[in-house]
Amino acid sequence: MPRDLVIVLGPTCVGKTEYSIGLAKFYSSPVISCDSRQIYKEMRIGTAVPSASQLAAVRHYFIQDHSVHNLYTAGKYELEALALMDRLWAEGHSTLVMSGGSMFYIDAVCQGLDDMPDADPVLREELTRRMKEEGVESLRMDLKRLDPEAYSTIDIANPQRVLRAVEVCLLSGRTFTSYKLSRPKERDFSVTKIGLRRSRDELYDRIGARVDAMVEEGLVAEAESLYPLRHLTALQTVGYRELFSYIDGECTLERAIEDIKTNTRHYAKRQLTWWNRDPSIEWIDL
């Protein structure tokens, strides 16, 4: 029996959820989420998880089934997603639908990732100290020097992501990016990548509208409930980090909301920069 994987990808807010549900219904497939934030059960509003009606439309996997207390990586996702896909194919599905915007997660499934070096306590302590004393911009400049490609594609507004990328470069003597560019692992299934995109103005309008809807739904209260956990890696992300600054009294609520919109637009741009290098993606303008 064929073993086919169709991946729906694209920048945040482009419309992947609805498109993937329609595609999943066509193929009688569940939707396998590859979103590195929607995977956490404590984060609902700020990660724009599918609505109850969307979740009821088709079976979804990797939606709010892990805890922010447990560090989750693209490497772990690779193992869990491949095991799930093998089980679903064995159950009789011939085509599976995957949907999401996490670039490393998609690469992990399609071609695998080299094992990155474990964190070194001494180096991690030194980089953390530098970040506190000199600010994250100091580490960003290190990353720009050590791995310009990573600097232009990862979420450099995320301090923990920047720190980890610099740490990997220093520990391995390789670029952070190289861990996804090594010889692809052999897969026993075919992959079709469908990329969704819209005009920049339309995408940015959708981002602004989504953030406003999140705030109306209770994003501030959700951030306040998660504030005691703000040190966890999972929460060092757009939508929460800005509101933690507001809770700390560092900015007004209006400023925090605008920062969420700005940083989300920046993230969408980095996603597109990453995928524009992949000639195998079949792009659809919505």
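Name the one entry in 173, 208 that is over 30 Å from residue 113 (Cβ atoms), surrounded by fewer than 19 Cβ atoms within 10 Å (Cβ to Cβ) and not aliphatic (A, V, I, L, M). Exactly one residue qualifies, and that residue is 208. Restricted to the stretch 1-41, and to residues there that are assigned to a loop (DSSP other than H, G, I, E, B) and over 16 Å from the mean Cα position of the chain (by Cα), the residue that is nearest to residue 230 (Cα to Cα) is 30.
On the given criteria, is residue 77 in contact (Cβ under 8 Å) with a residue 12 or more places away in the chain, surrounded by 17 or more Cβ atoms within 10 Å (Cβ to Cβ) and among the hydroxyl-bearing types (Ser, Thr, Tyr)? The answer is yes for residue 77. If you go through the stretch 165-211 and keep only what is without any contact (Cβ under 8 Å) to a residue 60 or more places away in the chain and among the acidic types (Asp, Glu), you end up with 167, 186, 201, 202, 205. Restricting 88, 96 to residues that are without any contact (Cβ under 8 Å) to a residue 60 or more places away in the chain and either of a type outside the set (Gly, Ala, Ser) or outside any loop (DSSP other than H, G, I, E, B) (or both) narrows the list to 88. One residue alone among 264, 233, 252 is among the hydroxyl-bearing types (Ser, Thr, Tyr) and over 22 Å from residue 40 (Cβ atoms), and that residue is 252.
Taking the residues in the stretch 99-131 that are modelled with pLDDT of 85 or more and not in a helix (DSSP H, G or I) as candidates, determine which candidate is nearest to residue 32 (Cα to Cα). Restricting to residues being modelled with pLDDT of 85 or more and not in a helix (DSSP H, G or I), the top hit is 99. No other residue among 237, 233, 192 is within 26 Å of residue 81 (Cβ to Cβ), exposed (fewer than 15 other Cβ atoms within 10 Å of the Cβ) and within 20 Å of the chain's Cα centre (by Cα) apart from 192. Candidates 109, 122, 162: the one that is without any contact (Cβ under 8 Å) to a residue 24 or more places away in the chain and aliphatic (A, V, I, L, M) is 122.
For residue 114, the conditions (1) buried (at least 17 other Cβ atoms within 10 Å of the Cβ); (2) closer than 26 Å to residue 63 by Cα; (3) touching a Phe, Trp or Tyr at 6+ places or on another chain (Cβ under 6 Å) are fulfilled apart from (1).
The values are calculated or read from the model by the stated rules, or taken from the named source; none is laboratory data. Since the model is a prediction, treat every value here as computed from it, not as a measurement. Quick reminder, even Gly has a Cβ in these numbers, built from the backbone with ideal geometry, and neighbours come from all protein chains shown.
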